[in-house]
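Working notes for the structure below.
The values are calculated or read from the model by the stated rules, or taken from the named source; none is laboratory data. Fair warning: this is a prediction, and the values are worked out from it, not measured in the lab. So basically every Cβ, Gly included, is an ideal-geometry build from the backbone, and we count neighbours across all protein chains shown. Calculation scope for accessible area: heavy atoms of the full protein, side chains included, ligands and nucleic acids excluded. Shrake-Rupley method; radii C 1.70, N 1.55, O 1.52, S 1.80 Å.
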Amino acid sequence: MDARSRLLSASRWRWYEPLLWAVAFALPALLPGHALIVNEIAIVALFAVSLDLVLGYTGIVTLGHAAFLGFGAYCAALFAKFIHPDPLLGLAVGMAAATVLGAVCSVTILRGSDLTRLMVTLGVALLLLELANKLDWLTGGSDGLQGVMMGPLLGRFEFDLYGQTAAWYSLTVLLLLFALARRWVSSPWGATLRAVRDNPLRAAAIGISVPSRLAVVYTLAAGVAGAAGALLAQTTGFASLDVFALERSADAVLMLVIGGVGWLYGGVLGAVVFKLLHDIISGITPQYWTFWMGLFLVVLMLVGRERLSPARWFKGGQV
Amino acid sequence: MLTLLFDGIAYGMLLFILAVGLSVTMGLMNFINLAHGAFAMVGGYITVVLMQRLDVPFLLCLPLAFAGAAALGAVLEGTVYRPMYRKPHLDQVLFSIGLAFMAVAAVDYFMGSQQQIMQLPEWLRGRTELWDGALGMGHYRLFIIAVCAVLTVALQYVLTRTRFGSRLRASVDDSRVAAGLGIPVNQVFALTFAVGSGLAGLGGALGAEVLGLDPTFPLKFMVYFLIVVAVGGTSSITGPLLAALLLGVADVAGKYYVPKLGAFIVYALMIAILIWRPQGLFVRKGGK
């Protein structure tokens with residue numbers, strides 16, 4: 001197999017994949033009572049996929065990815081509230097805003113070590129959190145931005161209380177962006193990302209421009225995270241400070257680790273497992289969910305995350 | 001003006017004591033430990049419990065907070081931290097953040113989520129004014145500055161003048177060669193980790209009154225510790241000290257002059273500094 005067909009074969013859809021997506025799309029109709037959680041899972045899955053582009057494929061250690069989720073959420077919510085209630089327009093605005101922010105922030109991750117990156121990404125998220133908190137005339141401060149009324153989707157489908165429309169909307173956006181992300185990472189350009197991740201020095205030596213790769217992928221991933229944020233704000237009709245919180249970023253990293261880093265389905269799978277775990281555990285001890293999550297993280301890391309990763313089962317050990 | 005500067009310095013000194021242990025683990029052992037604030041919280045809670053429930057005098061509480069946090073640090077280092085040293089940074093981040101989450105939830109469970117009130121002894125509560133009120137010094141802040149200054153000098157002395165200090169520096173610069181020369185690298189690191197945790201505990205005990213103490217402490221102040229270490233560079237203790245002072249003064253002054261912006265200034269300052277000098281402001285040439 002030559003390089004070209006190997007790259008292509010990795011991106012080809014397997015026969016079972018349309019089936020899985022069909023099941024996902026059928027869920028809101030089959031289990032109308034659970035449409036809300038399907039919606040939530042689709043949104044965090046999109047966020048995790050976006051983080052995977054940065055962390056899994058390019059190796060940028062970040063604890064501030066929530067900056068883009070939150071920025072997309074607030075921009076979409078503000079757009080719906082003050083300018084136009086159309087969801088698709090709002091989604092585009094949220095994505096565009098987060099992409100621009102990603103481009104600006106990408107200069108911050110080009111220099112320094114893992115620690116420096118960790119700090120500046122975290123710093124940006126906290127900066128935005130502080131801004132959203134202090135600009136209370138615009139964002140509602142710590143009460144959150146309320147009263148976001150969305151228009152019907154495509155002018156026809158109203159968002160209902162049970163979240164069926166919302167679930168289908170989020171699933172569609174997830175599917176589209178997932179397919180797009182898959183095109184990216186299985187293109188030659190995507191292969192250079194993995195080269196950068198595995199050894200930046202070697203990648204630079206064979207003529208890959210490392211800073212430009214980092215900047216571009218960070219910007220694109222920011223746009224995807226912004227889409228997740230916009231969906232979140234639109235389907236809940238609400239944006240609050242917690243979209244910027246450290247826990248959001250940490251949750252997403254955990255999802256990726258559960259599902260498998262550097263494998264796009266890892267984000268989706270991790271989001272499903274994480275959300276279900278979250279629901280079950282908070283059902284038992286609502287207040288101390290963080291303890292069990294912490295314990296899970298510690299044990300997972302001590303055991304070694306690569307041993308648990310489902311990516312190994314599906315891809316025969318090569319991640 | 002002078003009062004602000006004074007408060008900023010006191011605050012910075014406090015941050016330094018809280019963060020210096022982290023700069024050791026992070027810079028010297030190359031381990032990203034986001035759970036450092038949990039040790040500080042432990043020290044703070046030890047002090048509060050001892051003072052409120054058992055009527056232990058404040059001055060006795062401080063060494064006990066140090067000892068408690070150091071013991072906890074030693075136990076955790078020997079059991080769970082050591083296997084993590086050789087793992088990738090991402091694993092270390094997740095591991096230590098998991099520890100911090102556990103600490104937050106556990107303290108919430110045992111102590112409740114409300115803010116703990118510290119009753120300072122009488123002799124620390126006053127305030128001295130100099131030059132017609134141009135400089136107002138809270139006695140407690142003076143006390144903090146004195147304690148931190150003594151500790152800083154002692155740390156500097158231990159690191160540069162003692163046998164242990166030279167062993168530690170040797171282990172840090174090249175642990176393989178150090179081990180080959182017969183230095184017990186693991187024990188040196190374990191002891192250093194314990195002392196770092198103990199210092200965090202002491203800082204937590206000293207700072208409970210100034211910073212406030214509740215179960216979210218490790219997450220709330222984690223960023224500040226990280227800023228001190230990242231900005232100060234990790235190869236000496238003067239770097240973090242200067243960074244802590246700079247941060248303390250900037251934070252206090254920022255919150256006084258533009259209270260609307262709050263912590264905004266500190267984060268912006270950190271990002272700017274890290275873009276300008278990714279390895280930290282005060283890193284020595286050739287250092288790690």
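Computed values, structure above
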| quantity | calculated |
| --- | --- |
| Reciprocal of mean inverse Cα separation for the stretch A:10-92 (Kirkwood radius, Å) | 15.5 |
| For the stretch B:248-261, 3J(HN,Hα) per residue [Karplus equation, 6.51 cos²θ - 1.76 cosθ + 1.60, θ = phi - 60°, Hz, x = Gly/Pro] | x, 5, 4, 5, 5, 5, x, 6, 7, 7, 10, x, 4, 8 |
| Top of A:Gly33, A:Gly267, A:Gly259 by mean-square fluctuation, Gaussian network on chain A, Cα under 10 Å | A:Gly33 |
| Hz values of 3J(HN,Hα) by residue in the stretch A:181-197 - Karplus curve (6.51, -1.76, 1.60), Gly and Pro given as x | 4, 5, 4, 4, 6, 9, 7, x, 4, x, 5, 5, 4, 5, 5, 5, 4 |
| Amide H partners (placed H, <5 Å) of B:Leu213, local residues excluded | B:Gln116 |
| Accessible-area value, A:Asp114, 1.4 Å probe, nucleic acids and ligands omitted, Å² | 40 |
| Compactness of the protein assembly as shown, expressed as Rg and Dmax over alpha-carbon positions, Å | 25.1, 85 |
| Shielding score for B:106-116, defined as the mean number of other chain Cβ atoms within 10 Å | 1 |
| Computed label-point distance, nm, for sites A:Ser282 and A:Ala204 using a 7 Å Cα→Cβ extension | 4.4 |
| Accessible heavy-atom area order of B:Trp123, A:Trp289, highest first, probe of 1.4 Å | B:Trp123, A:Trp289 |
| For a label point 7 Å along the Cα-to-beta-carbon line of A:Arg12, residues of the stretch A:258-296 with backbone N under 16 Å | none |
| Cα centroid separation - the stretch A:195-247 against the stretch B:60-90, whole Å | 34 |
| For the stretch B:96-186: relative contact order, % (alpha-carbon pairs under 8 angstrom, 6 or more apart) | 11 |
| Estimated 222 nm signal from helices in chain B, with DSSP H stretches of n ≥ 4 weighted -39500 (n - 2.57), rounded to 500 | -23500 deg cm²/dmol |
| Nonlocal amide H pairs with B:Ser236, under 5 Å, H built at 1.01 Å | none |
| Most fluctuating residue given options B:Val177, B:Val42, B:Val266, as computed from a GNM of chain B linking Cα atoms under 10 Å | B:Val177 |
| Heavy atoms of B:Thr79: accessible area, 1.4 Å probe, square angstrom to 10 | 90 |
| Full-stretch length increase - B:His139, B:Ala106 - with 0.36 nm per residue and alpha-carbon distance subtracted | 8.5 nm |
| For the stretch A:146-299: relative contact order, % (alpha-carbon pairs under 8 angstrom, 6 or more apart) | 17 |
| Contact order relative to length of chain A, as percent, for alpha carbon pairs under 8 angstrom and 6 or more apart | 31 |
| Cut-off under 5 Å, modelled amide H: who pairs with A:Ala239 long-range | A:Leu145 |
| Residue-by-residue Karplus 3J(HN,Hα) for the stretch B:87-99, coefficients 6.51, -1.76, 1.60, Hz, glycine and proline x | 7, x, 4, 4, 4, 5, 4, 5, 4, 6, 6, x, 4 |
